[in-house]
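First the structure, in the form of structure tokens, and then the observations on it.
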Amino acid sequence: MEQIGVSPSGTGSYNGRGGVVRQSIDGTGFVDSAAGAPKELQIQFHNEMAYATEFPKYVTFAMVRQAEEKGTTTLADNLTVQKKLSAGLLAKFRDLGVQYVRLLHDEAEKEAADFYNSWQGAFQTQSVEEAMRKGNSKSTFSILQRHDERRLKHTLWCPVFQKHPTHGELFFNSVLNRHGSWLDGHAVFGSLPLSERPYHCLWGDGAELSETELEELRAVYDESTEYIRLSPGDVLVLDNLRVVHGRTPYSGSRLLGLLLSDMVPRDPCRPPPAFAELLE
């Protein structure tokens, strides 16, 4: 971290925030960027920690081990994406925001074919009561509830715009990366309804995004994509507010380190009435 000018005190962490547990690489501040994402599927575009009340201004990637085939890093400029999206879709995102939904297993089900993440890992506790305490918060627009006898359902409402210090308001989200359709083609999750997959994304009022809306998002991102093939030893620093990132599928073994730095709070925001009622 010293070599790239980042102080350990200025770095961020995923663990304990209700997100994916990530392991440090050799005791450094870098963690495995894949976070368990299936290598045969594409990681869709997202801004890092767009679901959180605090997110990194910068994300730094360090390639440790590149895949035998593919595994290319994908990037897109939010300024470009925002200009290409229709005014109607942007207005809907601005008015409603989105709900990021996760289904979390009990760790006792770790050997189940449909296991992805556990509530114990997400909330760093073995107590359901403590997880419920951490996962239910009016101030962070967070709801944690029972989904079935095995799983908890975690729902976060989030805005999809943030103010950039130079460029003003920017599209800032993880919609495609959290929408259940990104697991289409997976041997297990691909056969499940969207509502039963580990991740899903809804409009802020709880409605499903239409296929037309998803197709517009995908098309704009596709035509805005830049591909970067990182080699071992390469370091890439991104302005997390301006640039979304993803990854193509790959074969073999791949390890890309990720460091969060310069954590900043989310802009003041308010969920739509339909979600605000659920917080009461």
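Where a number appears in this text, it was derived from the coordinates with a stated rule and is not lab data. Because the structure is predicted, anything quoted here is derived from the model rather than measured. As a convention, Cβ positions derive from the backbone with ideal geometry for all residues, glycine included, and neighbour counts pool all protein chains shown.
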For the chain: rounded, prolate or oblate by the Cα gyration tensor [a/c cutoff 1.5]: rounded
Debye equation applied to the C-alpha atoms of region 25-140, log10 I(q)/I(0) at 0.14, 0.15, 0.20, 0.21 Å⁻¹: -0.95, -1.07, -1.42, -1.43
Distance from region 264-279 to region 116-173 (C-alpha centre basis), Å: 12 Å
Choice from Gly233, Gly246, Gly121 with maximal GNM fluctuation in the chain (Cα, 10 Å cutoff): Gly233
Nitroxide proxy distance, nm - points 7 Å out along Cα→Cβ at Arg270 and Leu192: 3.6 nm
Distant-in-sequence amide H partners of Val264 (H built 1.01 Å from N, under 5 Å): Phe55, Lys57
The chain, helix-only ellipticity at 222 nm - DSSP H runs n ≥ 4, -39,500 (n - 2.57), divided by all residues, nearest 500: -5000 deg cm²/dmol
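Tell me the relative contact order for region 10-261 as a rounded percent, counting alpha carbon contacts under 8 Å between residues six or more apart.
Values: 519 pairs, mean separation 108.9, N = 252.
Computed value for region 10-261: 43 percent relative contact order.
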Spacing of the two label points (7 Å from each Cα toward its C-beta) at Glu208 and Asp184, in nm: 1.2 nm
Cα gyration tensor, region 109-198 - rounded (a/c under 1.5), prolate or oblate: oblate
GNM result for the chain, Cα springs below 10 Å: residue of Leu260, Leu103, Leu209 fluctuating most strongly: Leu209
Anisotropy class of region 77-233 from Cα gyration tensor, a/c 1.5 cut: prolate
Phe161, Phe141, Phe45 arranged by Cβ crowding within 10 Å, fewest neighbours leading: Phe161, Phe141, Phe45
For Met263, Met63, order by how many other beta-carbon atoms lie within 10 Å, fewest first: Met263, Met63
Cβ-derived FRET efficiency at R0 41 Å, Glu280 paired with Lys39, nearest 0.05: 0.45
Sum of side-chain charges, Asp114 neighbourhood, beta-carbon under 10 Å (Lys, Arg +1; Asp, Glu -1): +1
Calculated from backbone phi, Karplus (6.51, -1.76, 1.60) coupling profile of region 135-150 in Hz, x at Gly/Pro: x, 10, 8, 5, 5, 9, 6, 10, 10, 10, 8, 5, 9, 7, 5, 10
Backbone HN-Hα couplings from phi across region 116-127 [Karplus 6.51/-1.76/1.60, Hz, Gly and Pro as x]: 10, 9, 10, 6, 4, x, 4, 10, 6, 7, 9, 9
Computed lengthening from Asp95 to Gln145, 0.36 nm per intervening residue step minus Cα-Cα distance: 15.4 nm
Estimated FRET transfer efficiency (Ser253, Val128; beta-carbon r; R0 45 Å; 0.05): 0.80
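For Glu169 and Thr28, compute 0.36 nm times the residue count separating them, minus their Cα-Cα distance, and round to one decimal in nm.
Extra length from Glu169 to Thr28 when fully extended: 47.4 nm.
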Amide hydrogen neighbours beyond the local backbone of Leu209, cut-off 5 Å, H modeled: Trp203
Peptide ranges 180-193, 48-61 listed from the most packed, as the mean C-beta count within 10 angstrom indicates: 48-61, 180-193
Order of Ser139, Ser253 under a 10 Å beta carbon neighbour criterion, fewest first: Ser139, Ser253
